[in-house]
Structure formats: C-alpha cells, structure tokens
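Before any comments, here is the structure.
The values are calculated or read from the model by the stated rules, or taken from the named source; none is laboratory data. Remember, predicted model here, so these are calculated numbers, not experimental data. As a convention, Cβ positions derive from the backbone with ideal geometry for all residues, glycine included, and neighbour counts pool all protein chains shown. For accessibility, only protein heavy atoms count, side chains too; no ligands or nucleic acids. Shrake-Rupley method; radii C 1.70, N 1.55, O 1.52, S 1.80 Å.
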Amino acid sequence: MSQGNKLRDILDRPGFLVLPGIYDCLSAILAERAGFEVLFTSGFGISASTLGRPDYGFLTATEMLTSIGKIVQSVQVPVVADLDTGYGNPLNVIRTVTDAVQLGVAGVILEDQEWPKKCGHFSGKRVIPAAEQVEKIKAAVQARGESGLVIIGRTDARAPLGLDEAIKRGRAYFEAGADIVFIEAPQSLDDLQAIAAAFPDAPLFGNAIEGGKTPLLSAADWQNLGFKMVVFPLAGLFAATKAMETCFAHLKAQGTTAGFTELVNFGQFEEIIDVPKYRQLESQFAAKESS
C-alpha cells in the first residue's frame, strides 16, 4: 500500500489527528518513537535548520524535496510535506507533485501565496488570484495519479483579504480536488468557529504555533470546533532550540557539561539512531568476508 493510501486509511478513522512538525531525520525518528502516526515536514523548520534563515522562500524546490526525501526514508509512518506554492505555475506543480510521489510522500500542502512566499504567521503576505490556485490544485490532482497522495489546499488570504475571502477560496480549492481545507492563520476563536461552520462537508486542517496569530488550543478544542487534524509545526524546533541554547550557555559558563542533566547519554543516542542494527549488519558481513 502506498503511503498516501495509508494516510487515507488513518484519516478515514473516527477521531482527531495531531501531527508533530519535524525538520530533519532525527526529529522525524523521535516523533515516530513518541508514537505519532503521521508526521509533518515544516518548511519553516527546514529553512531554519538547513540555511539558518527565516521562512521567506529561500529554499529552492530541489533543496526542499531533498530534505523531505531523506526524512521520508528515515521513518515508516506517513509524512505530509509542506511544499509551499508548488514552486511555480501548474506545470511546475505537476513536476513538484510527481517528485513528491516518487519520494514516497503521503500528503502535500499547496498554498496560494505569491512567490517568494512567507511563513503563514508573518506579516506582509500576498496571494495570487484564486482562479490561478484552482488550476494548480487541479494540476496536483492530475499529477498524483493512482498514488493516493492527500492534497491539502491552503489559503493565506485571511490576513490580506479577510476571512470571507479565505473561506471562499477554501471552498474553491476543495471543489477543485483538494482533499482537506487549510485556512492559514485564523486570528481568533470566532474565526475558527466561522471556518468550521462554513465547511461541514470538508475535513479541516489547523495550525498551532506557539506565539503565532492563531489561539493555541488543545486537540480536544480543535476537534470540538469541527476540525479533523492539527499540526504543531514548530514545537519540536522551538524545544530543541531552547535545549541547545541552555546546554551551550552551561558549557560556556562552566567549561564542561558535567552537572547538566538535560541530555541523553551516548548509549541512549545509539539506540535512537539504530546503531545496534548496523553493528549486527557489520558483524554479519564481516563473518561472510572471513569465511
């Protein structure tokens, strides 16, 4: 079964889905070990971790897909990939989605911002005409073929054009073939309630960013509003940043990590990256060479 169809099976179950945001293979492995059934690649996180730059469209399609492909290979669970705008017009979207399918991606998010895009919770966003994004969604539907790839249609129109236009666009993208509707950066509980009321027939995707524009709610709150899934795209990145900042401050001040307890040890980390598996393989092939 393709990863896309695995994701569809998960989405068809009753209940609510929480996705952790991951940005490299290690964060993906840790999220899978924590028991999450589906992971989400954060474009913000990949830009920050690979380039040290903000989510301002600095990553090329090749860079993004290269990072995503490595992440997909590092875990067994389905991965939803943030593919920004699809990196161009409908023809470019076909190329991007085709590559994503070949990499084993289970789902993609395609947004309607102008390129270069910005993080959905940054100010100054601009969106393309809705009709253009409709054609890009249709192109993505065509490009996925029989893969089962789940397409999440995202609009960033809430900030520049208002909630009514964002809802209108979400409806248009759903009717064009998106499987899930994602209205980015609602600014209040009233916004979230209006979105849920407008889409009784469509699965809804929520985005929870600590310190972002949308109220930070619990999974139960999102579900009660009528959403199907929510991603916490930056929680892992923010937690890792805080942990490293604290560790390095201790090391700088003390000249040692002795006394700093918020660390896994060498053996524990070996387990996380599967060193025992590779030691066993090493021994297996070493035995064959000597025989």
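Of all residues in region 13-53, how many are among the hydroxyl-bearing types (S, T, Y), over 13 Å from A240 (Cβ atoms) and open to solvent by less than 40 Å² (accessible area, probe 1.4 Å)? Break it down stepwise before answering.
Step one: filter region 13-53 for residues among the hydroxyl-bearing types (S, T, Y), giving 23, 27, 41-42, 47, 49-50.
Retained after the next criterion (residues that are over 13 Å from A240 (Cβ atoms)): 41, 47, 50.
If we keep only those that are open to solvent by less than 40 Å² (accessible area, probe 1.4 Å) too, we end up with 41, 47.
Counting residues in region 13-53 that are among the hydroxyl-bearing types (S, T, Y), over 13 Å from A240 (Cβ atoms) and open to solvent by less than 40 Å² (accessible area, probe 1.4 Å) gives 2.
Checking the structure you have, find out if any residue of region 101-116 is of a type outside the set (S, T, N, Q) and either assigned to a helix (DSSP H, G or I) or more than 21 Å from T62 (Cα to Cα) (or both). Scanning region 101-116, I find at least one residue that is of a type outside the set (S, T, N, Q) and either assigned to a helix (DSSP H, G or I) or more than 21 Å from T62 (Cα to Cα) (or both), so the answer is yes. If G124 satisfies all but one of (1) at pLDDT 95 or above; (2) more than 25 Å from F199 (Cα to Cα), what's the number of the condition it fails? Checking G124 against (1) at pLDDT 95 or above; (2) more than 25 Å from F199 (Cα to Cα), the one that fails is (1). Against the numbered list (1) more than 30 Å from A166 (Cβ to Cβ); (2) at pLDDT 95 or above, F285 comes up short only at (2). Residues that are of a type in the set (D, E, K, R) and under 20 Å from S67 (Cα atoms) were ranked within region 91-127; the one that is farthest from the chain's Cα centre (by Cα) is R95.
To keep it simple, each residue is scored yes or no on (1) open to solvent by less than 80 Å² (accessible area, probe 1.4 Å); (2) in contact with a strand residue (DSSP E or B) (Cβ under 8 Å, 6 or more places away or on another chain); (3) modelled with pLDDT under 95.
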site: A219; (1), (2), (3): yes, yes, no
site: Q223; (1), (2), (3): no, no, no
site: K228; (1), (2), (3): yes, yes, no
site: Q254; (1), (2), (3): no, no, no
site: E289; (1), (2), (3): no, no, yes
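Within region 262-282, restricting attention to residues that are more than 30 Å from L19 (Cβ to Cβ) and open to solvent by 60 Å² or more (accessible area, probe 1.4 Å), the residue that is modelled with the highest pLDDT is F266. In the set (1) within 18 Å of the chain's Cα centre (by Cα); (2) under 27 Å from S47 (Cα atoms); (3) touching a residue at least 24 places away in the same chain (Cβ under 8 Å), the condition left unmet by A239 is number (3).
Working carefully through the options G162, G177, find the one that is touching a helix residue (DSSP H, G or I) at 6+ places or on another chain (Cβ under 6 Å), under 20 Å from A131 (Cα atoms) and surrounded by fewer than 19 Cβ atoms within 10 Å (Cβ to Cβ). Outline the logic, then answer.
Working: G162 fails: touching a helix residue (DSSP H, G or I) at 6+ places or on another chain (Cβ under 6 Å).
Only one candidate passes the filter, namely G177.
Taking helices (runs of 4 or more DSSP H) as the structural unit, those lying wholly within region 128-217 and holding at least 3 residues that are in contact (Cβ under 8 Å) with a residue 12 or more places away in the chain, on the phi < 0 side of the Ramachandran plot and under 20 Å from the mean Cα position of the chain (by Cα) correspond to 130-144, 163-175.
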